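Student: Structure provided below as structure tokens; questions to follow.
What follows is calculated from the coordinates using simple rules that are stated; it is not laboratory data. Not measured: the values here are computed from a predicted model. Heads up, the Cβs are rebuilt from the backbone with ideal geometry, glycines too, and the neighbour counts pull from every protein chain shown.
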Amino acid sequence: MRVKGGSTTRQRRRRWLKLAKGYWGHKSIGFKTAKQAVVKSWTYAFRDRKQRKRDFRKLWISRINAAARNQGISYSQLMHKIKQSNIEINRKMLAEMAIHHQSDFENIVKLAIAKSA
């Protein structure tokens, strides 16, 4: 005999509904729409984890560019001089220094210009 609403089915459906908790409307109540919403949310999460990395890199670059232009040099010239002078520092740290430790950022800019010249 075929079982359509047995304990295994209930557990499986409850698991999907638990994952859809907090979703709006029928997406948190109905099994089929809840499952579709959860799978779609996983797709968005995967995509946006990649996007977040790009967004942060853009943010760091714009912050470094703004701070570098205050020193009279563009972002691309600064990064070129930093690479030429073998200063091992990433964009995240440079952006952090540009915001919270301006004097250290100025020192790095001066050092990069002096070493590359």
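Student: So what is the 222 nm mean residue ellipticity for the chain from helices alone, if each DSSP H run of at least 4 adds -39500 (n - 2.57) and you divide by all residues, rounding to the nearest 500 deg cm²/dmol? Present the calculation step by step, with values, prior to reporting the outcome.
Tutor: Numbers: 5 runs with 88 residues, N = 117.
Counting only the DSSP helices, I get -25500 deg cm²/dmol.
Student: Let me ask you something else. Any idea what the dipole of the chain comes to, in debye rounded to 20, about its Cα centre with Lys/Arg Cβ at +1 and Asp/Glu Cβ at -1? Write down the numbers at each step before the final one.
Tutor: Values: 29 positive and 6 negative charges, 320 e Å.
That gives a dipole near 1540 debye.
Student: For a 25 Å ceiling on Cα separation, which of these pairs sit above it: 50/81; 58/83; 92/115? The partial results should precede the final answer.
Tutor: Numbers: 50/81 29 Å; 58/83 19 Å; 92/115 22 Å.
Checking Cα-Cα distances, 50/81 exceed 25 Å.
Student: At 0.36 nm per residue, and after removing the present C-alpha to C-alpha distance, how many nm does the segment from residue 16 to residue 44 gain when stretched out fully? Provide the component values of the computation, followed by the final result.
Tutor: Values: separation 28, 0.36 × 28 = 10.08 nm, distance 1.73 nm.
Full-extension gain reported as 8.4 nm.
Student: Out of these labelled values of Cα Rg over 2.2 N^0.38 Å, [x] 1.91; [y] 1.72; [z] 1.13, which was calculated from the coordinates shown here?
Tutor: The calculated read-out lines up with [x].
Student: Lys/Arg Cβ at +1, Asp/Glu Cβ at -1, dipole of the chain taken about the Cα centre: which of 99, 60, 73 is farthest positive-ward?
Tutor: So the residue we want is 60.
Student: What is the extension gain from residue 110 to residue 28, computed as 0.36 nm multiplied by their sequence separation minus the C-alpha to C-alpha distance, in nm to one decimal?
Tutor: Extra length from residue 110 to residue 28 when fully extended: 23.8 nm.
Student: With charges only on Cβ, +1 for K and R and -1 for D and E, what is the dipole size of the stretch 28-85 about its Cα centre, in debye, rounded to 20? Before the final figure, lay out each step's value.
Tutor: Values: 15 positive and 2 negative charges, 38 e Å.
My answer is approximately 180 debye.
Student: So which GluC sites (Glu not before Pro) in the stretch 23-117 pass both tests, a DSSP loop state and at most 16 other Cβ atoms within 10 Å of the Cβ?
Tutor: Numbers: sites: 88, 96, 106; in loops: 88.
Sites meeting the loop and neighbour criteria: 88.
Student: Grab the other residues whose beta carbon is less than 12 angstrom from that of residue 85, score K and R as +1, D and E as -1, and report the net. Don't skip to the end; give the middle numbers.
Tutor: Numbers: positive: 81, 83, 110, 115; negative: 88.
Spelling it out: positives minus negatives among the neighbours equals +3.
Student: Just in the stretch 1-62: which chymotrypsin sites (Phe, Trp or Tyr not before Pro) are loop by DSSP and have at most 13 other Cβ atoms within 10 Å?
Tutor: Values: sites: 16, 23, 24, 31, 42, 44, 46, 56, 60; in loops: 23, 24.
Loop-located and lightly packed - 24.
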